[in-house]
Amino acid sequence: MLEHDKPVTRAWVLHPDIKIDSARRDASSGLEEAVSLAVALPDLEVFGSDVVRLPKVHPGMLFGSGKIEELAAVFKAHEIELVLVDGPVTPVQQRNLEKAWKVKLLDRTGLILEIFGDRARTAEGVLQVEMAALSYQRTRLVRAWTHLERQRGGLGFVGGPGETQIEADRRAIDEQLGRLRKQLAKVVKTRELHRSARAKVPFPIVALVGYTNAGKSTLFNRVTGSEVFAKDMLFATLDPTMRRIELPAGDEVILSDTVGFISDLPTELVAAFRATLEEVLDADLIVHVRDISHPHTEEQAQDVETILQGLGISEDAPKLEVWNKLDQLNEDDRQSAVTQAQRRQDLFAVSALTGEGVDDLLQVIAETVKDPRTEETLSLPFSEGKRRAWLFDAGVVEKENQTEDGFELSVLWTETQKARFHKLS
């Protein structure tokens, strides 16, 4: 190992397949996604993975004693340092399993928090991750304490082992959360100013959404020519990125690339990242990018729709669906996808990697966001130079005449542009 190389943590991924869970997913694809999540963390090497089939959850240990002993031997043989459990693990289960296996353990929420922490770039994203992590940690402290209290049989007012430290930890976390909330309030206020400034920009906003790893950032890069971090990795993008682009017909839009969605995203994380996803709420058009080569693309699409509805996006909101990664399909499946897309006005089959089908998508985006235009005549005094400049920036001025009092302009504009113009002070 070179001196500058960071030590690699040896990890093992477990996907509990619980028989009594009626909502459980296909175990093999669940394990595959969990491994992809693990690979998204730097300095982590996945040495193995298993589906663990369970008739039911064991309250204290999650798994049965026989399976725990069997896995302990495997982890010891492979010198495993970290076990990732793709599902919820209670504080008690975590403590007992770490003791039995002599490893560090992360559940699904903890793993996603680690990834979010590694990927966050903007000031708001960093603060949101810290708050989500502290809230998660605080809950586990409280639950662990409740368990100890119950185990000891105390009445709640008699001091016991660990009580002082746990209370101190809770206070420290609460104080830190308070500081972070104040910082976040300032950052959010700044973002709102940016949003109101953006509302004065006379361009429609097009938001790319989709399941994580669907290829949104690759499509974004192809269309904008920018170098947004795009890699075959879950959660490659966390903070939204926005670019102003010119469409083939000459119209301009703002394109927004957002964090990828994922199934069973813990509710506290959805809440923590609501502001990050608020860019979608501002959008004039939502473009849902799907990895059509993924064996569970239908379930992924449903997860995305569920989260959009949770954000308050109406089912009637303007949307286009993009079937991405044609280049990863065999010829028959590729042709089938292209044929299906040709039959629907709101569906496009593309390869963001090769560019196939992207021009047709951009053409329809332009047509979708282009409202009907009406012609009007405006009279502006010389003192309203900023509003006049806005009209020229928007490209809506057909002709202009100077009068004694100011300017007379003939404009051809949409209702959205008209509304934005009248909001200008």
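Each reported figure results from applying straightforward, stated rules to the coordinates on display, with no laboratory input. Just so it is clear, the model here is predicted, and its values are computed rather than measured. Glycine also receives a Cβ, built like all others from the backbone with ideal geometry; neighbour counts cover every protein chain displayed.
Within the shell defined by Cβ-Cβ distances under 12 Å, the residues around D333 carry a net charge of -1, with Lys and Arg each +1 and Asp and Glu each -1. Out of the stretch 314-367, which GluC sites (Glu not before Pro) are coil in DSSP terms and have no more than 15 other C-beta atoms within 10 Å? Of the GluC sites (Glu not before Pro), the ones in loops of the stretch 314-367 whose Cβ has at most 15 other Cβ atoms within 10 Å are E315, E356.
Counting only other residues whose beta carbon sits under 9 Å from that of L41, what net charge do I get with K and R as +1, D and E as -1?
Around L41, the surrounding residues sum to -3.
Cross-link pairs exceeding 24 Å between alpha carbons, from the set K189/K370; K189/K319; K186/K386; K67/K104; K370/K399; K186/K216: K189/K370; K189/K319; K186/K386; K186/K216.
Take the convex hull of the alpha carbons in the stretch 9-116; its mean projected area over all directions comes to 6.2 nm². Taking amide H as placed 1.01 Å from N in the peptide plane, the amide H of L54 sits under 5 Å from that of D17, I18, K19, each at least 5 places away or on another chain.
Considering only the other residues whose Cβ falls under 9 Å of the Cβ of L353, what net charge follows from Lys and Arg at +1 and Asp and Glu at -1?
Details: positive: R222, K325; negative: D327, E356.
Surrounding charge for L353 is 0.
Using mean Cβ contacts within 10 Å as the protection proxy, how do 89-99, 380-390 order, highest first?
On the way: 89-99: 17.8, 380-390: 13.7.
My ranking of the peptides, most packed first, is 89-99, 380-390.
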